[in-house]
1. Within the range 130-159, can you find the residues that are touching a strand residue (DSSP E or B) at 6+ places or on another chain (Cβ under 6 Å), of a type outside the set (Ser, Thr, Tyr) and under 20 Å from Lys92 (Cα atoms)?
2. Is it the case that the range 101-115 has a residue that's of a type outside the set (S, T, N, Q), surrounded by 18 or more Cβ atoms within 10 Å (Cβ to Cβ), under 11 Å from the mean Cα position of the chain (by Cα) and not in a helix (DSSP H, G or I)?
3. Among Gly131, Gly81, Gly146, which is the only one that is touching an Asp or Glu at 6+ places or on another chain (Cβ under 6 Å) and not hydrophobic (A, V, I, L, M, F, W, C)?
4. May I ask you to list pairs of residues, at least six apart or on different chains, whose Cβ atoms are under 7 Å apart, with the first in the range 95-113 being farther than 22 Å from Leu132 by Cβ and the second being part of a loop (DSSP other than H, G, I, E, B) and small (Gly, Ala, Ser)?
Amino acid sequence: MVSLLQTDGRDEHYFTEQPTSKLELGVVHTHLRGELFQFLTASSVFSKRRVDPGTRLLIEAMELPESGSLLDLGCGYGVVGIVAATLNPNLKIVMTDVNRRAVWLSKKNMERNKVTNIEVRKGRLYQPVAGLSFHTILSNPPTTAGLKTALSVVSQAPEHLKEEGLLQIVVRTRTGGKRFLSELKSVFGNVRIQARKSGYRVLISKKP
């Protein structure tokens, strides 16, 4: 369910560093993994009116480590990372996004959902976590920003994963799905389909 707080005109692409559209806020209330969450959303961020089906499938299928570190890459308004933090408060989570508005929303949504084991950083893809490695990386790659940009989520992942760390992504089966499978196999030497639903797939690769 979403309730709009202010109306706006045209939106711009969510993979934008500094949105210029007039701010349009909303609140999404939803159940994920058996828990009730509420998320503040806004214009010029991804899927502002609902938790999109790809992200929802990723959350339903994601494998969380018992402890350690997790990266939510391209976090939007923070759905994946906040759910992970709620399910396992022992995790140290970093959420990143290039979009200033998304970063602001993620911080607000941490407060709304009462999670404290998250740090939010602004920057393009892996730039905000240069030199860091994680036990798990979760991402809904920005395919509408271009396949080259989206595939870099895969190609750059190994340098940000610990040994036997997992990259878990969700892709549209008919929009680059085969290309992502091929790229994961090439980069990691392994890939498995964790879940399928409504034209989406969750793909997981492990760093050797």
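1. Listed by number, the residues that qualify are Phe134, His135, Ile137, Leu138, Asn140, Ala157.
2. No, the range 101-115 contains no residue that is of a type outside the set (S, T, N, Q), surrounded by 18 or more Cβ atoms within 10 Å (Cβ to Cβ), under 11 Å from the mean Cα position of the chain (by Cα) and not in a helix (DSSP H, G or I).
3. Values: Gly131 fails: touching an Asp or Glu at 6+ places or on another chain (Cβ under 6 Å); Gly146 fails: touching an Asp or Glu at 6+ places or on another chain (Cβ under 6 Å).
None of the others qualify; the one that does is Gly81.
4. Listed by first residue and then by second, the contacts come to Arg101/Ser44; Leu105/Gly78; Asn109/Gly78.
A quick yes/no check of all residues on (1) over 21 Å from Cys75 (Cβ atoms); (2) at pLDDT 95 or above; (3) part of a helix (DSSP H, G or I); (4) among the hydrophobic types (A, V, I, L, M, F, W, C):
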{"residue": "Pro128", "(1), (2), (3), (4)": "no, yes, yes, no"}
{"residue": "Gly131", "(1), (2), (3), (4)": "no, yes, no, no"}
{"residue": "Val154", "(1), (2), (3), (4)": "no, yes, yes, yes"}
{"residue": "Gly165", "(1), (2), (3), (4)": "no, yes, no, no"}
{"residue": "Pro208", "(1), (2), (3), (4)": "yes, no, no, no"}
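Yes or no, residue by residue, for (1) at pLDDT below 95; (2) surrounded by fewer than 16 Cβ atoms within 10 Å (Cβ to Cβ); (3) not in a loop (DSSP other than H, G, I, E, B):
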residue: His29; (1), (2), (3): no, yes, yes
residue: Gln38; (1), (2), (3): no, yes, yes
residue: Ser44; (1), (2), (3): yes, no, no
residue: Lys48; (1), (2), (3): yes, no, no
residue: Val51; (1), (2), (3): no, no, no
residue: Leu57; (1), (2), (3): no, no, yes
residue: Cys75; (1), (2), (3): no, no, no
residue: Ala84; (1), (2), (3): no, no, yes
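The values are calculated or read from the model by the stated rules, or taken from the named source; none is laboratory data. Being a predicted model, the structure only gives us computed values, none of them experimental. Here Cβ is always computed from backbone atoms with ideal geometry, including for glycine, and neighbour counts include all displayed protein chains.
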